[in-house]
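The values are calculated or read from the model by the stated rules, or taken from the named source; none is laboratory data. Treat the numbers as computed from the prediction; the structure is a model and nothing was measured. In this analysis, Cβ positions are derived from the backbone assuming ideal geometry, glycine residues included, and neighbour counts consider all displayed protein chains. Surface accessibility is based on the protein's heavy atoms, side chains included, excluding ligands, DNA and RNA. Shrake-Rupley method; radii C 1.70, N 1.55, O 1.52, S 1.80 Å.
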Amino acid sequence: MIRKLISRVFGGKKAAASHHEPAVIPVSSHGITRDRISSGSRRVCETLQENGHMAYVVGGAVRDLLIGAEPKDFDVATDATPEEVRRAFRRSRIIGRRFQIVHVMMGHETIEVTTFRGTLDANTKKDEHGRVLHDNVFGSQAEDAARRDFTANALYYDPTTEAVIDYHHGVGDLKQKTLRMIGEPRARYREDPVRLLRAVRLAAKLGLIIDPAARTPIREMAGLLENVPAARLFDEMLKLLTSGHSVKCITQLRDEGLHHGLLPLLDVILEQPMGEKFVMLALANTDDRVRRGKGTSPGFLFATLLWHEVLAHWEKLKAAGESKIPALYQAMDTVLDVQGEKLAITRRIAGDIKDIWALQPRFESRAGKRPYGLLEQPRFRAGYDFLLLRAESGEIDMELGEWWTRFQDADGEERAQMLLPEQAGDKKRRRRRKKPAADSVDHNSPE
Ligand code: ATP
Ligand code: MG
């Protein structure tokens, strides 16, 4: 045990130097045969290797295969420059972001190919908090490995030899279910505070324990997230919320003190008993959809996250004498103006969010032609799913959700019988005879 600890401490020191020899782990030991790799990424590696380059499947895919999970995508890392990669594949294009990468199209796969990154040095441009701004120096494979965030993410798989190249003891850490930062965690979080979120997301998603050295600083460094461009935070939040493990992620974010400043609305929501229940139900619902391979819409997700804030504004406006529907629209705009900017919610997603919210009061009309009109709305299904979450969380009467569940499935005659008498605006509207409650309400049925 102690010997292991000592070797880890010294091993860690050596790792930081980034020029040490990697462990080359044969297939007989890790068991990942090349047929486990997507055919597209295999062909990309083979072609680059035939052109005299190094090329490996890298990152999340190798990690996921080693723990027996299904990789989301297969990325490739190479010593070829982006221009050399582009020339090697007819269907490819260079994508210029912080760091140039090449998208290679193989059948219906798109493989992301990155050139090995070099070590950050004194010339690297950083902001006043130490966040790396420009990062476009190429380097060796060892340098590339040292630039990755966690040891489990710094593994390279060669489809030709079927060996895993491991510079930072990633395979061993994975075996021990540990997410370990490469290098000094505080420095790595300063370089890129999004790693704070990645640590939580990857640990929750993969069932790993964050190594104490990487976990301890999270709380104290959470403030660095305020300095990250909103669009990047939005991307990471979306990954987190659609990971299929969002409840675990959010719970852990809160435990690590990471929701402050990151999703300011979570502060508000998680402190309201009704709001928290609603958000957690919505997230559990999304997780379930993701795990069953169904699509999720960012609009729906963010509509749920912000709903209780809309409700609070709506109530205030109504109390101040504003009439119901204009008050709702005003509340929606206020919330989207404030949170939309903070969270970098795109215009298109904001439109989807508004559609879902705006449908909500329309579910209250159960007389005349209106319910039929609502059924024809293109966003009816999303609006209805949202309504059911409101009912399940206790915000509104379950009976309203159940009525809509029955109304959708009913035939023409039944529907006509279900309609309430036309008495718009009458609060003491007479309810029809109570129908037995439906056993289970399925708001996940295919759209
Ligand atoms: P996922 O399963 O969500 O795709 P991932 O680890 O593959 O997780 P990606 O964002 O696809 O995440 O990144 C691919 C690889 O790039 C990572 O495995 C890691 O090696 C490296 N990487 C990504 N983001 C960072 C970062 N912020 N800092 C350092 N390395 C990173
Ligand atoms: Mg990935």
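Of everything in segment 35-47, what is touching a residue at least 60 places away in the same chain (Cβ under 8 Å), assigned to a helix (DSSP H, G or I) and surrounded by 16 or more Cβ atoms within 10 Å (Cβ to Cβ)? Give them in sequence order. Steps first, answer last, please.
Start the filter on segment 35-47 by keeping residues that are touching a residue at least 60 places away in the same chain (Cβ under 8 Å), which leaves 37-46.
Right, trim to assigned to a helix (DSSP H, G or I) and you get 39-46.
Answer for segment 35-47, where residues must be touching a residue at least 60 places away in the same chain (Cβ under 8 Å), assigned to a helix (DSSP H, G or I) and surrounded by 16 or more Cβ atoms within 10 Å (Cβ to Cβ): Gly40, Ser41, Arg42, Arg43, Val44, Cys45.
For segment 55-92, what are the residues that are of a type outside the set (Gly, Ala, Ser), within 9 Å of ligand 1 (Cβ to nearest atom) and part of a helix (DSSP H, G or I)? Before the answer, list the steps.
Start the filter on segment 55-92 by keeping residues that are of a type outside the set (Gly, Ala, Ser), which leaves 56-58, 62-67, 70-76, 78-79, 81-87, 89-91.
Applying the additional criterion that residues be within 9 Å of ligand 1 (Cβ to nearest atom) yields 58, 62-64, 71-73, 75.
Val62, Arg63, Asp64, listed by residue number.
When segment 275-312 is limited to residues that are among the small types (Gly, Ala, Ser) and assigned to a helix (DSSP H, G or I), the one that is farthest from Asp235 (Cα to Cα) turns out to be Ala312. Annotation note: Cβ proximity below 8 Å between a residue of segment 132-143 that is part of a helix (DSSP H, G or I) and a residue that is open to solvent by 60 Å² or more (accessible area, probe 1.4 Å) and of a type in the set (A, V, I, L, M, F, W, C) (sequence gap 6+ or interchain) occurs for Gln141/Met54.
Go through segment 166-194 and report how many residues are farther than 13 Å from Ala154 by Cβ, in a helix (DSSP H, G or I) and open to solvent by less than 20 Å² (accessible area, probe 1.4 Å). Full working, then the answer.
Looking only at segment 166-194, we keep the residues that are farther than 13 Å from Ala154 by Cβ, and these are 175-178, 184-187, 189-194.
Okay, now just the ones that are also in a helix (DSSP H, G or I), so 175, 185-187, 189-191, 194.
Subsequent filtering for residues that are open to solvent by less than 20 Å² (accessible area, probe 1.4 Å) retains 185, 189, 194.
The total comes to 3.
In summary, His103 fulfils each of the numbered conditions (1) touching a residue at least 24 places away in the same chain (Cβ under 8 Å); (2) within 16 Å of ligand 2 (Cβ to nearest atom); (3) not polar (S, T, N, Q) with the single exception of condition (1).
If you check Thr216 against the conditions, is it surrounded by fewer than 18 Cβ atoms within 10 Å (Cβ to Cβ) and assigned to a helix (DSSP H, G or I)? When the stated conditions are applied, Thr216 passes them.
Looking at Val132, is it within 24 Å of the chain's Cα centre (by Cα), of a type in the set (A, V, I, L, M), surrounded by fewer than 18 Cβ atoms within 10 Å (Cβ to Cβ) and over 23 Å from Ile67 (Cα atoms)?
Working: within 24 Å of the chain's Cα centre (by Cα): yes; of a type in the set (A, V, I, L, M): yes; surrounded by fewer than 18 Cβ atoms within 10 Å (Cβ to Cβ): yes; over 23 Å from Ile67 (Cα atoms): yes.
For Val132, the condition - within 24 Å of the chain's Cα centre (by Cα), of a type in the set (A, V, I, L, M), surrounded by fewer than 18 Cβ atoms within 10 Å (Cβ to Cβ) and over 23 Å from Ile67 (Cα atoms) - is met.
Do we find that Gly244 is surrounded by fewer than 21 Cβ atoms within 10 Å (Cβ to Cβ), in the same structural domain as Gly340 (by TED's automatic domain parsing) and at positive phi in this structure? In short, yes. Consider segment 144-165 and keep the residues that are in a loop (DSSP other than H, G, I, E, B) and near ligand 1 (Cβ under 10 Å from one of its atoms). The one that is surrounded by the fewest Cβ atoms within 10 Å (Cβ to Cβ) is Arg148. Quick check: is even one residue across segment 71-80 within 14 Å of ligand 2 (Cβ to nearest atom), open to solvent by less than 10 Å² (accessible area, probe 1.4 Å) and under 15 Å from Leu48 (Cβ atoms)? Scanning segment 71-80, I find at least one residue that is within 14 Å of ligand 2 (Cβ to nearest atom), open to solvent by less than 10 Å² (accessible area, probe 1.4 Å) and under 15 Å from Leu48 (Cβ atoms), so the answer is yes.
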